[in-house]
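*Asks:* Input: one structure, supplied below.
The values are calculated or read from the model by the stated rules, or taken from the named source; none is laboratory data. Being a predicted model, the structure only gives us computed values, none of them experimental. Backbone-built Cβ (ideal geometry, glycine too); neighbour counts: all protein chains shown. With ligands, DNA and RNA removed, areas are computed over all heavy atoms of the protein, side chains included. Shrake-Rupley method; radii C 1.70, N 1.55, O 1.52, S 1.80 Å.
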Amino acid sequence: MRIAVYPGSFDPVTWGHIDIIKRALRLFDKVIVAVGENPEKTPLFNIDERVFMLNESCKGIGNVEIKPFSSLLSDFVVSVGAVAIIRGLRAVSDFDYEFQLALANRKLAPLVETIFLLPDERFVYLNSTLVKSIARYNGKLDEFVPPVVKRMLKERFLR
Ligand code: PNS
């Protein structure tokens with residue numbers, strides 16, 4: 001059983017993330033989506049809300065499990081018996097940060113490979129920050145996020 005971990009903040013999950021999960025499932029028997037804290041960011045949704053939105057959005061996709069984590073990513077990956085870390089790469093601007101993260105994780109867990117997957121072109125420009133900005137100004141969200149996320153964004157910004 002080859003397991004991959006797909007880590008991120010997922011604040012909130014977008015169709016771009018779902019696309020990466022499905023691509024990873026073509027390569028691995030199981031994908032664990034690991035919802036973590038990025039100390040550089042203040043999240044809009046707490047960890048339980050982010051896990052909930054992912055669970056709802058992944059209903060109907062087999063062999064995927066959503067887990068929160070609050071440790072080092074490399075420790076989490078080893079603890080669940082995974083052999084790879086999946087990251088989505090959208091543009092050259094992602095590269096420096098991703099390169100640093102991947103090399104640090106390799107130092108910490110030498111047997112774990114980081115694999116970069118390209119999203120469908122439809123999602124190349126998409127990220128959670130953009131989605132939050134559109135939601136804040138009551139823009140159309142259907143093309144960007146699953147229905148549960150749209151609902152929760154609307155609730156959050158209506159207050
Ligand atoms: O979606 P993001 O915000 O780019 O995800 C970043 C995340 C959560 C994957 C990263 O911040 C992370 O791995 N955090 C856990 C702590 C850790 O392992 N830090 C050292 C990485 S070398």
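*Asks:* Determine the order of Val31, Val51 by accessible area, beginning with the largest, at a probe radius of 1.4 Å.
*Replies:* Descending order: Val51, Val31.
*Asks:* When the solvent-accessible surface of protein heavy atoms is calculated with a 1.4 angstrom probe, in what order do Ser93, Ser71 fall, highest first?
*Replies:* Ser93, Ser71
*Asks:* Continuing with this model, one more query. So what's the back-of-envelope 222 nm ellipticity for the chain, counting only DSSP H runs of four-plus at -39500 (n - 2.57) apiece and dividing by all residues, rounded to 500?
*Replies:* -13500 deg cm²/dmol
*Asks:* Another one. For the Cα atoms of the chain, what angle does the longest principal axis make with the long axis of helix 47-57, in degrees from 0 to 90, nearest 10?
*Replies:* The angle comes out near 90 degrees.
*Asks:* So for the stretch 1-118, what are the equivalent ellipsoid semi-axes in whole Å, largest first, each being the square root of 5 times an eigenvalue of the Cα gyration tensor?
*Replies:* They are 19, 17, 15 Å, listed from largest to smallest.
*Asks:* What relative contact order, as a whole-number percentage, does the stretch 1-106 give when Cα pairs under 8 Å and 6 or more residues apart are counted?
*Replies:* 35
*Asks:* Expressed as a fraction of 2.2 N^0.38 Å, the rule-of-thumb size for a compact globular protein of N residues, what is the C-alpha radius of gyration of the stretch 31-71?
*Replies:* My calculation over the Cα atoms of the stretch 31-71 gives 1.20.
*Asks:* Kindly count the pairs of lysines across the stretch 1-115 whose alpha carbons are less than 18 Å apart, treating pairs on different chains or eight or more residues apart as eligible.
*Replies:* 6
*Asks:* So, for the stretch 1-134, what is the accessible surface per residue at a probe of 1.4 Å, expressed in square angstrom?
*Replies:* With the other protein chains kept in place, the stretch 1-134 gives 54 Å² per residue.
*Asks:* Treating only the Cβ atoms of Lys and Arg (+1) and Asp and Glu (-1) as charged, compute the dipole magnitude of the chain about its Cα centre; round to the nearest 20 debye.
*Replies:* Dipole about the Cα centre, nearest 20: 320 debye.
*Asks:* With all protein chains present, how much of the accessible area of the chain (probe radius 1.4 Å) comes from carbon and sulfur, to the nearest whole percent?
*Replies:* Ligands and nucleic acids excluded, carbon and sulfur give 55 percent.
*Asks:* How much accessible surface does Phe99 have with a 1.4 Å probe, in Å² rounded to 10?
*Replies:* 100
*Asks:* Can I ask one more? Test of the criteria: in the stretch 112-159, which chymotrypsin sites (Phe, Trp or Tyr not before Pro) are in a DSSP loop and have at most 16 other Cβ atoms within 10 angstrom of their Cβ?
*Replies:* In loop regions of the stretch 112-159 (DSSP not H, G, I, E or B), the sparsely surrounded chymotrypsin sites (Phe, Trp or Tyr not before Pro) are Tyr125, Tyr137.
*Asks:* In whole Hz and in residue order, list the ³J(HN,Hα) couplings for the stretch 98-110 that follow from phi through the Karplus curve 6.51 cos²θ - 1.76 cosθ + 1.60, θ = phi - 60°; x for Gly and Pro.
*Replies:* Working through the residues one at a time gives 5, 4, 4, 4, 5, 5, 5, 5, 5, 4, 7, 9, x Hz.
*Asks:* So for the chain, taking the charge dipole from beta-carbon charges (+1 Lys/Arg, -1 Asp/Glu), which of Met53, Leu118, Val148 sits furthest toward the positive end?
*Replies:* Val148
*Asks:* From the backbone phi of the stretch 80-93, what are the Karplus-calculated ³J(HN,Hα) couplings (6.51 cos²θ - 1.76 cosθ + 1.60, θ = phi - 60°) in whole Hz, Gly and Pro given as x?
*Replies:* Here the 3J(HN,Hα) series is 9, x, 7, 10, 8, 10, 9, 10, x, 10, 9, 8, 4, 4 Hz.
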